[in-house]
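The values are calculated or read from the model by the stated rules, or taken from the named source; none is laboratory data. These figures come from a predicted structure and were not determined experimentally. Cβ placement follows ideal geometry from the backbone for every residue including glycine, while neighbour counts extend to all protein chains displayed. Note: areas computed on protein heavy atoms with side chains; ligands, DNA, RNA excluded. Shrake-Rupley method; radii C 1.70, N 1.55, O 1.52, S 1.80 Å.
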Amino acid sequence: MYAGHFAAALALKTTQPRAPTWALLLGVGFLDVLFGIFVLLGWERATLTPGRSPGFSLDFIDWSHSLAASLFWAALFGLFFLRRGRGVAVAAGVAVFSHFVLDYFMHPPDLALWPHAQAHVGLGLWVRWPQGWWWFELAFIALCGAMYYARSRRDPSYGGRALAACAVVLVLHVANSPWASPTR
Ligand SMILES: [Zn+2]
């Protein structure tokens, strides 16, 4: 999942308005940030597969994206926000773990249960549904965006740019469509 991760951050913000929006946005993308760093370090591997959805193959992503690693990074990330209160820390941790849950729907079974585990999971909508995944993700974004917008109308503390925030996520999603990218 791509832009849908950011939509999840907006939805989380409605459940814990005291959590800083930047922390939730960073949280939902945190596993991919780690993935980028780990690839540069040579700890994880991915190869491009032009013309075949989703355009790449994630050969080894166990340190950033396995179930156990996701839980570990979620706990660590949440701990950083503990001084802002337990609710904020939990929301930050859930933001990180939501990445694994949403990737589970999209990824072919390349998500290990723990680093170097044989067992891998992933429903594989990217592969099974080379265009349909985009509509599935759009529906998720619409749901989260509606939650965020509705809550922002009632809570003026963060509602000022709710529509703009939803629009940014939508633009990202359109830019990521299978029709926009020649590699997929
Ligand atoms: Zn990811």
I'm trying to understand the selection: among the residues of the range 120-173, which are free of Cβ contacts under 8 Å to residues at least 24 places away in the same chain, open to solvent by less than 70 Å² (accessible area, probe 1.4 Å) and either within 26 Å of F60 (Cβ to Cβ) or among the aromatic types (F, W, Y) (or both)?
G122, L123, G124, L125
Residue under question is I61, and the condition is that it be open to solvent by 40 Å² or more (accessible area, probe 1.4 Å), within 16 Å of the ligand (Cβ to nearest atom) and at negative phi; does it hold?
no
Would you be able to say whether some residue in the range 35-50 is β-branched (V, I, T) and in a loop (DSSP other than H, G, I, E, B)?
yes
W114 fails exactly one of (1) assigned to a helix (DSSP H, G or I); (2) in contact with a Leu (Cβ under 7 Å, 6 or more places away or on another chain); (3) open to solvent by 40 Å² or more (accessible area, probe 1.4 Å); (4) closer than 30 Å to L41 by Cβ, namely (1)
Evaluate the range 84-100: report whether one residue or more is modelled with pLDDT under 95 and in contact with a strand residue (DSSP E or B) (Cβ under 8 Å, 6 or more places away or on another chain).
no
Any chance D62 is without any contact (Cβ under 8 Å) to a residue 60 or more places away in the chain and either within 30 Å of W129 (Cα to Cα) or polar (S, T, N, Q) (or both):
yes
Please enumerate the residues belonging to the range 15-43 that are open to solvent by less than 10 Å² (accessible area, probe 1.4 Å) and more than 11 Å from the ligand (Cβ to nearest atom).
A19, A23, L24, G27
Given the conditions (1) under 24 Å from Q16 (Cα atoms); (2) touching a helix residue (DSSP H, G or I) at 6+ places or on another chain (Cβ under 8 Å), which single one is not true for S64?
(1)
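Among the residues of the range 75-90, is there at least one that is within 16 Å of the ligand (Cβ to nearest atom) and buried (at least 20 other Cβ atoms within 10 Å of the Cβ)? So that I can check it myself, show each step before the final result.
At the first step, the residues of the range 75-90 found to be within 16 Å of the ligand (Cβ to nearest atom) are 77.
Then drop every residue that is not buried (at least 20 other Cβ atoms within 10 Å of the Cβ), which leaves 77.
Within the range 75-90, one or more residues are within 16 Å of the ligand (Cβ to nearest atom) and buried (at least 20 other Cβ atoms within 10 Å of the Cβ).
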